[in-house]
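We did not get these values from a lab; they are worked out from the coordinates using the rules stated. None of the values given here were measured: they were computed from a predicted structure. Note that we place each Cβ from the backbone using ideal geometry, even for glycine, and neighbour counts take in every protein chain shown.
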Amino acid sequence: MFEMLYKTLTQQGLVTAFAVVGIIMWASGHLSKILTNGRVQGSAIAILIGLALAYYGGMVTGKEKGLADITLFSGIGLMGGAMFRDFAIVATAFEVQSSEAKKAGWIGALSLFIGTVVPFVVGATVAWIFGYRDAVSMTTIGAGAVTYIVGPVTGAAIGASSALMALSIATGVVKAILVMIMTPILSKFMGLNNPRSAMIFGGLAGTVSGVSAGLAATDRRLVPYGALVATFHTGLGCLMGPSVLYLATKALMGG
Amino acid sequence: MVIFGTSLLAICFVVGMYLGDLLGVALGVKANVGGVGLAMILLIFAKMWLESKKLMPKATEAGVGYWGAMYIPIVVAMAAQQNVVVALKGGWVALIAAVVAFALCACCIALLSRTGKRGEPLPPLDPAILADAPGIR
């Protein structure tokens, strides 16, 4: 009996994922009301549950894709993968007021630039404090602090070791998770209640995953504005990391 | 028909991604540059054009709207496949670098959102819009 059920659920992976995520959303909506009197958004709780399940999945399987590595939940991998995520993000653009989007052109570009340079400098400085004193190590870890894709792309381009790349990815993943969790908490401080500030946030907070989840947990109508800018973040990072930023670090460290 | 909306979305998505890849190659970057953003811009223009031609019936809109509404559940599925174990194993370097980087960026966001022409806050959420996401406020 149970074996049959297991087989069915595994074979219908994506549909099982829809069911599982729906249950998580339902439960977190209730937890939001019961535990926090609705103060913490249901979607924020759902994202936290997702992260906790990802930790569980990673511990059980020892692999990289959290809950999706457990065969029964492999459909989660497809549902939450880059294809569906980006497809749904693009769909949210349908609600964008193009007049709002036009207003913040230059500030989006400015925040993208700051959002690449500041995390890089912080990452490289922390690396230096912890004894990674060569330009390649500092650049790789600094690039990881930009996003967890910029890290390994930069590292590979300048010949970093795999251990260094793992550390760089870890930095980026920690940052993405932090953005997911802290955004709804800091939303007042960041003035995150209008399309313009959502675009600034998209450029500065980086990672599409962090930005999209953070905004979803704050106010889902802000998602398209943030995502519109954040989508250029990884590209800009991959452009600047192995070139300008590496050369600047090298010049500063003298090799 | 609903599929017209979904198909329009898919066409914008694929074209945007392709342009993002081309842009990446043109810049000599091993990544897609702004594919999602370009797809979003295409969709915004397509919507404006179709609406001006009165070619956007409710059913077509629903074909896009469904995927927009599925966005949060998809993000939850995305959270469930993050490499949380590696993030926690990264140790102090990863943690401190990430915390300080985000803290500084949060301050920049706070500063920039309060300078220049301030954006108009969105009106309070209309409960009817959220009917598609029960329990989500």
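Let me have the relative contact order for segment A:2-86, percent, based on Cα pairs under 8 Å that are six or more residues apart.
The value is 31 percent.
Please give the contour-minus-distance gain from A:Glu64 to A:Ala109: 0.36 nm per residue of separation, less the Cα-Cα distance, rounded to one decimal in nm.
12.9 nm
Run through all the Cα pairs of segment A:1-94 and give the fraction in each 10 Å bin from 0, expressed as whole percent.
16, 37, 35, 11, 0
Using 0.36 nm per residue of separation minus the Cα-Cα distance, give me the extension gain between A:Thr8 and A:Ala163 in nm, one decimal.
Length gained between A:Thr8 and A:Ala163: 51.8 nm.
Determine the shielding of peptide A:220-228 by partner chains: average, over its residues, the number of Cβ atoms on other chains within 10 angstrom of each Cβ.
Mean partner shielding for this stretch: 4.
Each residue of segment B:70-84 in order: what ³J(HN,Hα) in whole Hz does its phi give by Karplus 6.51 cos²θ - 1.76 cosθ + 1.60, θ = phi - 60°, with x for Gly and Pro?
My calculation for segment B:70-84 gives 7, 4, 5, x, 5, 5, 5, 4, 5, 4, 6, 10, 6, 7, 5 Hz in order.
For segment A:172-228 and segment B:14-82, what is the centre-to-centre distance using only Cα atoms, to the nearest Å?
18 Å
When you look at the Cβ of every residue in A:124-132, what mean number of other chain Cβ atoms sits within 10 Å?
Across A:124-132, the average partner-chain Cβ count within 10 Å equals 3.
Which of A:Ala68, A:Ala91, A:Ala145 moves the most in a Gaussian network model of chain A with Cα springs under 10 Å?
Of A:Ala68, A:Ala91, A:Ala145, the most mobile in the Gaussian network model is A:Ala91.
Take B:Tyr18 and B:Ser52, extend 7 Å from each Cα along the Cα→Cβ direction, and tell me the distance between the two endpoints in nm.
Rounded to a tenth, the inter-label distance reads 2.4 nm.
Work out from phi, with θ = phi - 60° and the Karplus expression 6.51 cos²θ - 1.76 cosθ + 1.60, the ³J(HN,Hα) of each residue of segment A:131-141, listed in order in whole Hz, and give x for Gly and Pro.
3J(HN,Hα) across segment A:131-141, in whole Hz: x, 8, 9, 8, 4, 5, 5, 4, 5, 5, 5.
Starting from segment A:171-210, pick out the trypsin sites (Lys or Arg not before Pro) whose DSSP state is loop and whose Cβ has at most 11 other Cβ atoms within 10 Å.
Within segment A:171-210, the qualifying trypsin sites (Lys or Arg not before Pro) (loop, at most 11 other Cβ atoms within 10 Å) are A:Lys188.
Test of understanding: what is the full-extension gain from B:Val2 to B:Ala26, defined as 0.36 nm times their sequence separation minus their Cα-Cα distance?
5.0 nm
Mean projection of the alpha-carbon convex hull of the protein assembly as shown over all orientations, in nm²?
Mean shadow area of the hull around the Cα atoms is 20.0 nm².
For segment B:39-45, take each phi angle, set θ = phi - 60°, evaluate the Karplus expression 6.51 cos²θ - 1.76 cosθ + 1.60, and give the result in whole Hz per residue in order, putting x for glycine and proline.
In residue order, the calculated couplings are 4, 5, 5, 4, 5, 4, 5 Hz.
Treating only the Cβ atoms of Lys and Arg (+1) and Asp and Glu (-1) as charged, compute the dipole magnitude of chain A about its Cα centre; round to the nearest 20 debye.
420 debye
For A:Gly38, what residues show an amide H to amide H distance below 5 Å, using hydrogens built from the backbone and excluding near sequence neighbours?
Sorted by chain and number, the residues that satisfy this are A:Lys33.
Other chains near A:188-200: what is the mean number of their Cβ atoms within 10 Å of each residue's Cβ?
6
With the crude spin-label approximation of a point 7 Å out along Cα→Cβ, what separation in nm comes out for A:Lys102 versus A:His30?
In this crude label model, A:Lys102 to A:His30 measures out at 4.9 nm.
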